[in-house]
1. Every residue in the range 263-294 that is of a type in the set (S, T, N, Q) and touching a Pro at 6+ places or on another chain (Cβ under 9 Å), please.
2. Give the range 99-122 a look and list any residue that's hydrophobic (A, V, I, L, M, F, W, C) and either within 14 Å of ligand 1 (Cβ to nearest atom) or touching a Cys at 6+ places or on another chain (Cβ under 8 Å) (or both), or say none.
3. Take residues that are small (Gly, Ala, Ser) and crowded, with 24+ Cβ neighbours inside 10 Å and tell me which of the strands (runs of 3 or more DSSP E) falling wholly in the range 134-251 contain 1 or more.
4. Given VAL75, VAL63, which one is touching a strand residue (DSSP E or B) at 6+ places or on another chain (Cβ under 8 Å), not in a strand (DSSP E or B) and not small (Gly, Ala, Ser)?
5. For the range 114-125, state whether one or more residues are assigned to a loop (DSSP other than H, G, I, E, B) and either without any contact (Cβ under 8 Å) to a residue 24 or more places away in the chain or closer than 23 Å to ASN183 by Cβ (or both).
6. Mind checking whether some residue in the range 317-338 is of a type outside the set (Lys, Arg), under 22 Å from GLN294 (Cα atoms) and free of Cβ contacts under 8 Å to residues at least 12 places away in the same chain?
7. Can you give me the number of residues within the range 253-292 that are buried (at least 24 other Cβ atoms within 10 Å of the Cβ), away from ligand 1 (no atom under 14 Å from the Cβ) and either farther than 18 Å from LEU337 by Cα or not hydrophobic (A, V, I, L, M, F, W, C) (or both)?
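Just so you know, all these numbers are worked out from the coordinates, no wet-lab data involved. Since this is a predicted model, take the numbers as computed values, not measurements. Neighbour counts are summed over all protein chains in view; Cβ atoms, including those assigned to glycine, are modelled from backbone coordinates with ideal geometry.
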Amino acid sequence: MAELERRVKLWRGGRLATLAGEQGWGLIDDGALLVDGDQLRWVGPSADAPAADEVVELHGALVTAGFVDCHTHLVYDGNRANEFEQRLLGASYADIAKAGGGIRSTVAATRAASEADLLASATRRAQALMREGVTTLEIKSGYGLDAATEARMLRVARQLQSLGLDVRTTYLAAHALPPEFTNADDYITAVCEWLPELRAAGLVDAVDAFCEHIAFSPAQTARVFDAAQALGLPVKLHAEQLSDQGGAALAAGYRALSCDHLEYLSPAGIQAMAAAGTVAVLLPGAFYALRETQLPPIQQLRDAGVPIAIATDHNPGSSPTLSPLLMLNMACVLFRLTPEEAWRGLTVNGARALGLRDRGQLVAGQRADFCVWDAGHPRELAACFGHNPLTERVQQGMQGAV
Ligand code: DI6
Ligand code: FE
């Protein structure tokens, strides 16, 4: 029965931006994709396409890999528009955090929310990302900061998988010091103690921390990474967002999948990331919303051969955006990435930042995660902002409503 249902589908007559190889758009004009189950079995010119059970005509539409949003804080309750007003009046993100707002205010709201409420609001946000072409989504915990609420956040994140999107979960209990702790070292001890059970419950794919003067020190971060390593979990780090703490070099020493933010990254940090193969995840939404003026060292990252990913960093404080398309544009305008670099950042390098090699390019053998756009070239999507020309979104071979 299963055999009968497994139909091979050919999408033909599209303009494919495959991003095959390390460089270039990999354009195939009048190209076709053969989808077998959840995989791309064949990609090439329509004229050479193999036979299929079903054929979809693309009429020249643009086809790209689906977006991989590799850094979000999507599960939470409450909102922080009041802090937006405070920042406009001159308060800094760090000032607000030190005064007990910021992450801590979202922690209070999230602890008070039921699992059903968290699922309902996170579902709406995930659907907004999907409507702009996201097919793989990373979601961090870190607004619970106690064992029960961290677990609740991660369970909710996992449940979003049923929407038709691949969800990867990251444990970020080392995000801020919760009010019931006065000593950060004691809290880190608890963070390390909660992890094995969450991992055993299948709720954790990676471990992250916020290494910053308003959060945790490199030594405390190292304790969290040791706990992750002991369980065989890969690590990532919010590093050098507001100041240079040497976090990137520390994380690279643990062969981190990624270091994220990086506005204050040092040359030593860049070299360590390059040597470890760690991806630099740049977050233009947070840079923009905090009116940051210090740019990440983009040319130096390029020169060192560090792969660059781009993500929304969706969260209620520093990056309340649900638009990967806007991030493509901002990566170009604010960070001067080329449109191709921005596209690679939200697809193949986003996947790499999650340790995934099976998606992000339109290449035979990869997952059949792709988008069809009413556009002629992917650079058009980076040049526009506030415009969404998505017409089809396919995840694991299945067309979903968008
Ligand atoms: N840096 C960020 O940009 C997010 N977390 C972090 O460590 C912001 C989280 C928040 O402000 O709620
Ligand atoms: Fe973040």
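1. So the first thing to find is which residues in the range 263-294 are of a type in the set (S, T, N, Q), and the list is 266, 271, 278, 293-294.
Answer for the range 263-294, where residues must be of a type in the set (S, T, N, Q) and touching a Pro at 6+ places or on another chain (Cβ under 9 Å): SER266, THR278.
2. To start, the set of residues in the range 99-122 that are hydrophobic (A, V, I, L, M, F, W, C) comprises 99, 103, 107-109, 112-113, 116, 118-120, 122.
If the condition is that a residue be hydrophobic (A, V, I, L, M, F, W, C) and either within 14 Å of ligand 1 (Cβ to nearest atom) or touching a Cys at 6+ places or on another chain (Cβ under 8 Å) (or both), then ALA99, ILE103, VAL107, ALA108, ALA109 are the ones that fit.
3. In the range 134-251, 166-174, 206-211, 236-239 are the strands (runs of 3 or more DSSP E) which contain 1 or more residues that are small (Gly, Ala, Ser) and crowded, with 24+ Cβ neighbours inside 10 Å.
4. Exactly one of VAL75, VAL63 is touching a strand residue (DSSP E or B) at 6+ places or on another chain (Cβ under 8 Å), not in a strand (DSSP E or B) and not small (Gly, Ala, Ser), namely VAL75.
5. Of all residues in the range 114-125, those assigned to a loop (DSSP other than H, G, I, E, B) come to 114.
Checking the rest, the ones that are also either without any contact (Cβ under 8 Å) to a residue 24 or more places away in the chain or closer than 23 Å to ASN183 by Cβ (or both) come to 114.
Checked against the condition, which is being assigned to a loop (DSSP other than H, G, I, E, B) and either without any contact (Cβ under 8 Å) to a residue 24 or more places away in the chain or closer than 23 Å to ASN183 by Cβ (or both), the range 114-125 yields at least one hit.
6. The answer is yes; a qualifying residue exists.
7. Total meeting the criteria: 5.
Yes/no matrix, rows are residues, columns are (1) closer than 22 Å to ILE270 by Cα; (2) within 16 Å of ligand 2 (Cβ to nearest atom):
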{"residue": "ILE310", "(1), (2)": "yes, yes"}
{"residue": "PRO316", "(1), (2)": "no, yes"}
{"residue": "PRO324", "(1), (2)": "no, yes"}
{"residue": "VAL333", "(1), (2)": "no, no"}
{"residue": "VAL348", "(1), (2)": "yes, no"}
